[in-house]
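Notes to accompany the following structure.
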Amino acid sequence: MISYVFPGQGSQFPGMGKDLFESNADVKSMFLKANEILGFDITDIMFNGTAEDLKQTKVTQPAVFLLSVAMAKVQGGKPDMAAGHSLGEFSALTATGAITFEAGLKLVAKRAEAMQKACELRPGTMAAVLGGSDELVEEACAQVKDAAVVPANFNSPGQVVISGEKTGIDEVAAYLTGKVKRVVPLQVGGAFHSPLMESARAELAKAIEETEFSTPVCPIYQNVDAKPHTDPNEIKANLLTQLTSPVRWTQTVKNMIADGATEFKELGPGEVLTNLIKRIQK
């Protein structure tokens, strides 16, 4: 059974999508349509911008979404199941017909804008904990009393990303000294998938409510519970909860394999998910 997986923020790189744009007329028209919908020249930033230009949340999210959905269109065919990592969930839903390309891009742009505002309202950061169990990381976060810090991404066995206020991240790092390989600060704009994103959640709720969702062509394994969903109302609710909840990627991949996945195709820039999947299932 074929599974399509779609990456999130952090997989972007300068020049991404240029070859596809130049070689495929359908993709070219999608990219030009995206410039129109967004109201700025995202293709120019993708093809000619620096890594720094691409790192801004309001650029990164639509750019990764755009390339992912374009690659799925070129891929053709119908997957048996699909999943996306964080932002990638929107790509998965668009590629499987749960939402239109235009609606998906508008939602992603709205999400990016709301997250950017939330980052400015409540500054925070993220760090990757390497070489510790999920349980140990949860325990480390739970013992912090005076700052918000939570597990944000369960990426693969031995790789959990934590998110929250800087003082909380520092406290977790101190607690884990000698217990894990290392704690690596991430270069991100804010504390994604944590309670610090609550204001973004409120803002995105209205946009999701106003968007028409259909039943996707295959089950979508969603981040919040790592389970397959096809019901449009469940999908909408989970998309919203996702902003302040952890991405359960390890469990998602395990569940997809248990349900018969034999081949994973990563659609989007880079191979971040392909490498995580190899760690989850050797």
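The values are calculated or read from the model by the stated rules, or taken from the named source; none is laboratory data. Quick caveat: nothing in here was measured; it's all calculated off a predicted structure. Cβ coordinates were reconstructed from backbone atoms using ideal geometry, including for glycine residues, and neighbour counts include every protein chain displayed. Just so you know, the surface numbers come from the protein's heavy atoms only, side chains and all, with ligands and any DNA or RNA stripped out. Shrake-Rupley method; radii C 1.70, N 1.55, O 1.52, S 1.80 Å.
Of the labelled options (1) 1.15; (2) 0.96; (3) 1.01, which one gives Cα Rg over 2.2 N^0.38 Å as computed for this structure?
Evaluating Cα Rg over 2.2 N^0.38 Å on these atoms matches (2).
Nearest 20 debye, what's the magnitude of the dipole of the stretch 8-167 about its Cα centre given +1 on Lys and Arg Cβ and -1 on Asp and Glu Cβ?
The calculation lands at about 340 debye.
Accessible area per residue, 1.4 Å probe, Å², for the chain: what's the number?
Working: 12080 Å² over 282 residues.
Computed with neighbouring chains in place, this is 43 Å² per residue.
May I ask you to derive the relative contact order of the stretch 117-273, considering only C-alpha pairs under 8 Å and at least 6 residues apart, and to give it as an integer percent? If you can, show how the numbers build up before the last one.
Working: 272 pairs, mean separation 39.0, N = 157.
That works out to 25 percent.
Run the count for the stretch 194-282, please: Lys pairs, Cα-Cα under 18 angstrom, 8 or more apart or on different chains.
Within the stretch 194-282, the lysine pair count is 8.
Helix 249-258: angle to the longest alpha-carbon principal axis of the chain, degrees 0 to 90, nearest 10?
It is inclined by approximately 60 degrees.
Rounded to whole Å, give me the distance from the Cα center of the stretch 75-106 to that of the stretch 173-206.
Cα centroid to Cα centroid, the span is 25 Å.
If you place +1 on the Cβ of every Lys and Arg, -1 on the Cβ of every Asp and Glu, and leave all else neutral, what size is the dipole of the chain about its Cα centre, to the nearest 20 Debye?
Charge dipole, the chain, about its Cα centre: 420 debye, nearest 20.
If the convex hull of the alpha-carbon atoms of the stretch 151-241 is projected onto planes in all directions, what is the mean projected area in square nanometres?
With the hull built on Cα positions only, its mean projection is 7.4 nm².
When only C-alpha pairs under 8 Å and at least 6 residues apart count, what is the relative contact order of the stretch 4-90, in percent?
Relative CO of the stretch 4-90 lands at 50 percent.
Any idea which of VAL184, ASN233, ASN223 is furthest toward the positive side of the dipole for the stretch 175-282, if Lys and Arg beta-carbons carry +1 and Asp and Glu beta-carbons -1?
Farthest towards the positive end: VAL184.
Counting only C-alpha contacts under 8 Å and six or more residues apart, can you give the relative contact order of the chain as a whole percent?
Details: 572 pairs, mean separation 71.5, N = 282.
Dividing the mean separation by the residue count of the chain yields 25 percent.
Which residue fluctuates most in the GNM of the chain (Cα springs below 10 Å): LEU93, LEU136, LEU107?
Highest fluctuation among the options: LEU136.
Along the Cα→Cβ direction, 7 angstrom out, place labels at ASN24 and VAL217. What is the inter-label distance in nm?
1.3 nm
Which residue, chosen from GLY124, PRO151, PHE65, occupies the Cα position most advanced towards the positive end of the dipole of the chain, where the dipole is computed from +1 (Lys, Arg) and -1 (Asp, Glu) charges on Cβ about the Cα centre?
Positive-end residue among those listed: PRO151.
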